[in-house]
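**Student:** Take this structure, written in structure tokens, and hold onto it; I'll ask about it next.
The values are calculated or read from the model by the stated rules, or taken from the named source; none is laboratory data. Keep in mind that this is a model prediction, so the values were computed, not measured. Counting neighbours? That spans all protein chains shown, and the Cβs are built from the backbone with ideal geometry, glycine included. In case anyone asks, the SASA skips ligands and DNA or RNA and just uses the protein heavy atoms, side chains included. Shrake-Rupley method; radii C 1.70, N 1.55, O 1.52, S 1.80 Å.
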Amino acid sequence: MNDLMEKIVSLAKRRGFVYPGSEIYGGLAGIYDFGPRGVELLNNLKHAWWNANVYQKENFYGLDAGMFKNPRTWEASGHVNGFSDPLAECKQCNTRIRVDKELEAVGVTADEKMSEEEINALFDAHREEIACPKCGAHDFTPARKFNLLVKSNLGDFTSEESEPVYLPGEACQGIYLDYKNVVDSMHPKIPFGIAQIGKAFRNEISPRNFLFRTREMEQADTQLFIRPNENKEAYERIKQERMDWYLSLGIHPENLRFKQHENLVFYAKDAWDIEYKYPWGFDELEGIHDRSDYDLTQHMKFSGVDLSYADPETGEKYVPWILETSVGMGRIFLAVLTDAYSEDELGGETRVVLKLHPKLAPVKAMVSPLLKNKPELVAKAREVYAALKKDIPQIAWDDNGNIGKRYRRQDEIGTPFCITIDFDTLGETADLKDTVTLRDRDTGQQERVAVSELSGRIRAAL
Ligand code: GAP
């Protein structure tokens, strides 16, 4: 991990954003837990995503499908046969590598559709350039395809041969299985979309880079159902919409870019990524895929159920094509943390500050009494705190340490405002009665604001 990444991981743990999963047992690779601050940031991100993709659109429908699905789902989707990564093991230290990623790092592209023999031919040709990331040896087993689906079991406890059920390899399959239910119950007119934030699980060979490649993730997906061959214009439009959404979160434009896939996964006709400049460089944030009629046609074949759409006006029947946007919440979370992390100087001191967009900040404002041992200050501060919290739930109370330390703590978690109740609030200076100091996170500037105006001021920034 590089320096910036280490600082982000350390801050995330120290300040209650992200913890390593099952840490007291030594952890579990590729699994993380969101702490008290993390879950607030995560929920704010989900809310911003849902707002943009459901509430602000007339023809998009929300969904929350169950994770377990009939096992036929994953045969029809192509995941049982086609969802694999090429794995090799270092013969010296048993470290596992993803051969396609190692080849990519030396400038060679391994096509998703290549057989094991074809990948091994490429691997052999570049073996000298690929070193084990742990021990540096160039001595690997041949690559073999390793299926990424996570198996589980459900129901039939007595039979040894009971069929495995799978945890979702991609959340969007829930949307395809419920597409007919949404059509029959909501009567949408094409083009329409279904949006979902759902869990997905992958047996990633080498989970890495903190929240970037995990084995359990949450995917925020939209599937736009369109008329056949009407994909081009809509595809360009949703690509731009998704890019604009990241900009609306305050992410610096220079850290975002589009990249087209050279190699397409089995379901895609065209695929673009929105990439973010993570601490290790540009890498995939979100995938935008033209899936044509692949998914509905496959599910029609395997289920025997007609999934064509009948136009209510013309009576015309066809299998809709699908344009997908899909992003892991962990990847947005890491992009937003990376983008917001800064170290600057304020009042002659170096500080760490998360310059999060106020709407994403886990705490919108911290309320505190100037002195904790003055009951009249504490009582007034409690009154302001209670009233604000009713209006804006993400408000924190802090009376620990001196005021400077409280500010530093809030800067580190990205709190846009700090509110301090002092003797002037109580009326020591007559014309300042019922006013407080409102401190701005980014500039450190403080101004006097009437208590009655606080809520409006904070809301305006959100
Ligand atoms: N339904 C399409 C699909 O699953 P994908 O490109 O495999 O496509 C979509 O995944 C998005 O999910 C990625 O762009 C990334 O944001 C996220 N994602 C995929 N694998 C991930 C992992 N192991 N850890 C975290 N996020 C992941």
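**Student:** Strictly over 21 Å apart at the Cα level, which of LYS7/LYS239; LYS46/LYS355; LYS151/LYS199; LYS277/LYS355; LYS57/LYS277; LYS189/LYS232 would you flag in this model?
**Tutor:** Flagged as over cut-off: LYS7/LYS239; LYS57/LYS277.
**Student:** Further question on the same structure: Express the carbon and sulfur contribution to the solvent-accessible surface of the chain as a percent, rounded to the nearest whole number, probe 1.4 angstrom. Before the final figure, lay out each step's value.
**Tutor:** Working: 10680 of 21770 Å².
It is 49 percent, rounded to a whole number.
**Student:** Taking the Cα of LEU148, stepping 7 Å toward and past its beta carbon, and measuring to each backbone N in the range 1-34: which are under 16 Å?
**Tutor:** 30-31
**Student:** Separate question: Counting only other residues whose beta carbon sits under 12 Å from that of GLU216, what net charge do I get with K and R as +1, D and E as -1?
**Tutor:** +1
**Student:** Now for a separate question. Taking +1 at the Cβ of each Lys and Arg and -1 at the Cβ of each Asp and Glu, which of PRO71, TYR61, LEU11 sits farthest along the dipole of the chain towards its positive end, judged by Cα position relative to the Cα centre?
**Tutor:** LEU11
**Student:** Also, quick follow-up: Using only the C-alpha atoms of the chain, find the volume of their convex hull and express it per residue in Å³.
**Tutor:** 198
**Student:** Next question. List the Cys residues of the chain that have no partner Cys with a C-beta closer than 4.7 Å.
**Tutor:** Within the chain, the cysteines lacking a partner Cβ under 4.7 Å are CYS172, CYS418.
**Student:** While we're here: Ordered by residue, what ³J(HN,Hα) values in Hz, to whole numbers, does the range 357-368 give under the Karplus form 6.51 cos²θ - 1.76 cosθ + 1.60, where θ = phi - 60° and Gly and Pro are x?
**Tutor:** The phi angles translate into 4, x, 5, 9, 4, x, 10, 7, 8, 9, 10, 8 Hz.
**Student:** Additional query: Modelling each spin label as a point 7 Å along the Cα-to-Cβ direction, I'd like the ASP391/ILE31 distance in nm, to one decimal.
**Tutor:** 4.3
**Student:** Still on this model: Could you tell me which GluC sites (Glu not before Pro) in the range 37-141 are loop residues by DSSP with no more than 11 other beta carbons within 10 angstrom of their beta carbon?
**Tutor:** Values: sites: GLU40, GLU58, GLU75, GLU89, GLU102, GLU104, GLU112, GLU116, GLU117, GLU118, GLU128, GLU129; in loops: GLU58, GLU112.
Loop-located and lightly packed - GLU58.
**Student:** I've got another one for you. Once you put a point 7 Å from the Cα of ARG408 and another 7 Å from the Cα of GLN260, both along the Cβ direction, what distance in nm separates them?
**Tutor:** About 5.2 nm, to one decimal.
**Student:** Right, something else. Quick check: net charge around LEU28, other residues with Cβ under 12 Å of its Cβ, Lys/Arg +1 and Asp/Glu -1?
**Tutor:** -2
**Student:** In percent, what relative contact order does the chain have, based on Cα pairs under 8 Å that are 6 or more apart in sequence?
**Tutor:** Here the relative contact order equals 13 percent.
**Student:** Right, another one. Would you work out the relative contact order for the range 169-290, in percent, from Cα pairs under 8 angstrom that are 6 or more residues apart?
**Tutor:** Reported relative contact order: 17 percent.
**Student:** Evaluate the relative contact order of the range 363-461 (contact order divided by residue number), counting alpha-carbon pairs under 8 angstrom at least 6 apart; express in whole percent. Mind showing how you got there, number by number?
**Tutor:** On the way: 161 pairs, mean separation 28.0, N = 99.
Over the range 363-461, the number comes to 28 percent.
**Student:** While we're on this one: How much of the DSSP beta bridge set in the chain is antiparallel, as a percent to the nearest 5?
**Tutor:** Beta bridges within the chain, antiparallel portion: roughly 85 percent.
**Student:** So if each residue of separation counts as 0.36 nm, and I subtract the Cα-Cα distance between ALA105 and ALA121, what length gain in nm does that give?
**Tutor:** Working: separation 16, 0.36 × 16 = 5.76 nm, distance 1.69 nm.
Additional length available on full extension: 4.1 nm.
**Student:** Using the Cα centre of the range 405-446 as origin and beta-carbon charges of +1 (Lys, Arg) and -1 (Asp, Glu), tell me which of CYS418, LEU432, GLN446 is placed farthest towards the positive end of the dipole.
**Tutor:** CYS418
**Student:** When DSSP assigns beta bridges and you keep just the ones with both residues in the range 345-462, what percent turn out antiparallel, to the nearest 5?
**Tutor:** Taking every DSSP beta bridge within the range 345-462, about 60 percent pair in antiparallel fashion.
**Student:** While we're on this one: In whole angstrom, note down how far apart the Cα centers of the range 259-321 and the range 215-232 are.
**Tutor:** Cα centroid of the range 259-321 versus Cα centroid of the range 215-232: 5 Å apart.
**Student:** Also, quick follow-up: Any idea how far the Cα center of the range 75-139 sits from the one of the range 362-397, in Å?
**Tutor:** Value for the Cα centre distance between the two parts: 56 Å.
**Student:** So how strong a dipole does the range 363-461 carry about its Cα centre when Lys and Arg Cβ are +1 and Asp and Glu Cβ are -1, to the nearest 20 debye?
**Tutor:** Here the size comes out at about 360 debye.
**Student:** Another question, if that's okay. Could you rank ILE8, ILE190 by how accessible they are, 1.4 Å probe, largest area first? Walk me through the intermediate numbers first.
**Tutor:** Details: ILE8 5, ILE190 30 Å².
Reading off the accessible areas and sorting them downward yields ILE190, ILE8.
**Student:** Moving on. May I ask you to give the solvent-accessible area per residue for the chain, in square angstrom, as obtained with a 1.4 angstrom probe?
**Tutor:** With all protein chains present, the chain gives 47 Å² per residue.
**Student:** Just to confirm the filter: which trypsin sites (Lys or Arg not before Pro) across the range 427-462 are DSSP coil and have at most 14 other Cβ within 10 angstrom of their Cβ?
**Tutor:** Filter output for the range 427-462: LYS433.
**Student:** Next question, about the same structure. Under the classification rounded if a/c is under 1.5, otherwise prolate if a/b is larger than b/c and oblate if not, where does the range 1-60 fall, given a ≥ b ≥ c as square roots of the Cα gyration tensor eigenvalues? Let's see the in-between values first.
**Tutor:** Working: a/c = 2.78, a/b = 2.20, b/c = 1.26.
Taking the square roots of the gyration eigenvalues as a ≥ b ≥ c, the range 1-60 is prolate.
**Student:** Another question, then. Might you report the magnitude of the Cβ-based charge dipole of the chain about its Cα centre, with Lys and Arg at +1 and Asp and Glu at -1, to the nearest 20 debye?
**Tutor:** The calculation lands at about 1440 debye.
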